[in-house]
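Data first, discussion second: the structure below is written as structure tokens.
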Amino acid sequence: MIHETAVVETDHVGMFTRIWHWTHVRELASIGENCTIGQCCYIDRGVRIGDSCKIQNGANVYSPCVIGDNVFIGPGVVISNDRSPRALVWHPESAPRVTIHSGVSIGANSVIMTGVDIGRDSVVGAGAVVLKDVPAGVTVAGVPAKEVVR
């Protein structure tokens, strides 16, 4: 199901995936099966999203990014691709890739900086700014994001 207001420029959308109102999915992006992409999202050129992922309203996923299976990305999350933004000609293919492994949950309004690897089954708390890799199974929160002691 692709809503009539969505702009989907790729043919790589899996079965049973739902793309909601006013979302833009760029060319060469790949979305797995049984995913939900909420309204007003942006999925950049060449982004790869696994199966059974949920990307909530207003999330922006910039290239280069690879997202595993069963990943939750909360509303307003930004997965960035430029540590030093400038109003110049810029080539995203030269940016370090963000990798989000299977089973990860990323809370609302978090920012994931380019080049970060978020390990399997980890959790990023709402509003966190992730500047460095997150090990598998770890929960991080804060600005900048740090491991939460349990």
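The values are calculated or read from the model by the stated rules, or taken from the named source; none is laboratory data. As the structure is a prediction and not an experimental result, all values here were calculated from the model. Backbone-built Cβ (ideal geometry, glycine too); neighbour counts: all protein chains shown.
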Test: Ser102 is assigned to a loop (DSSP other than H, G, I, E, B), closer than 28 Å to Pro135 by Cβ and in contact with a Pro (Cβ under 8 Å, 6 or more places away or on another chain): no
Search result, residues across the range 44-79 that are of a type in the set (A, V, I, L, M), touching a Gly at 6+ places or on another chain (Cβ under 9 Å) and farther than 16 Å from Trp20 by Cβ: Val66, Ile67, Val71
Single unsatisfied condition, Val7 versus (1) among the β-branched types (Val, Ile, Thr); (2) surrounded by 17 or more Cβ atoms within 10 Å (Cβ to Cβ); (3) more than 24 Å from Asp133 (Cα to Cα): (2)
Exclusive hit being basic (Lys, Arg) and over 24 Å from Met1 (Cβ atoms), set Arg26, Arg45, Arg18, Arg83: Arg83
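Of the residues that make up the range 4-18, is at least one under 20 Å from Asp117 (Cα atoms), modelled with pLDDT of 95 or more and not polar (S, T, N, Q)? Before you say what the answer is, go through the steps one by one.
Within the range 4-18, the first condition is being under 20 Å from Asp117 (Cα atoms), and the residues that meet it are none.
So far as the range 4-18 goes, no, none of its residues is under 20 Å from Asp117 (Cα atoms), modelled with pLDDT of 95 or more and not polar (S, T, N, Q).
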Residue that is surrounded by the most Cβ atoms within 10 Å (Cβ to Cβ) [pool: residues in the range 17-33 that are farther than 17 Å from Tyr62 by Cβ and touching an Asp or Glu at 6+ places or on another chain (Cβ under 6 Å)]: Gly32
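Each row is one residue, and each column tells you yes or no for (1) at pLDDT 95 or above; (2) surrounded by fewer than 20 Cβ atoms within 10 Å (Cβ to Cβ); (3) more than 22 Å from Glu27 (Cβ to Cβ).
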| residue | (1), (2), (3) |
| --- | --- |
| Cys53 | yes, no, no |
| Asn81 | no, no, no |
| Pro96 | no, yes, no |
| Gly103 | yes, yes, yes |
| Ile112 | yes, no, yes |
| Gly119 | yes, yes, yes |
| Leu131 | yes, yes, yes |
Total residues in the range 1-33, condition in a loop (DSSP other than H, G, I, E, B), of a type in the set (Val, Ile, Thr) and over 21 Å from Pro64 (Cα atoms): 2
Qualifying residue in the range 56-76 (condition: of a type outside the set (Lys, Arg), in contact with a His (Cβ under 7 Å, 6 or more places away or on another chain), modelled with pLDDT of 95 or more and in a loop (DSSP other than H, G, I, E, B)): yes
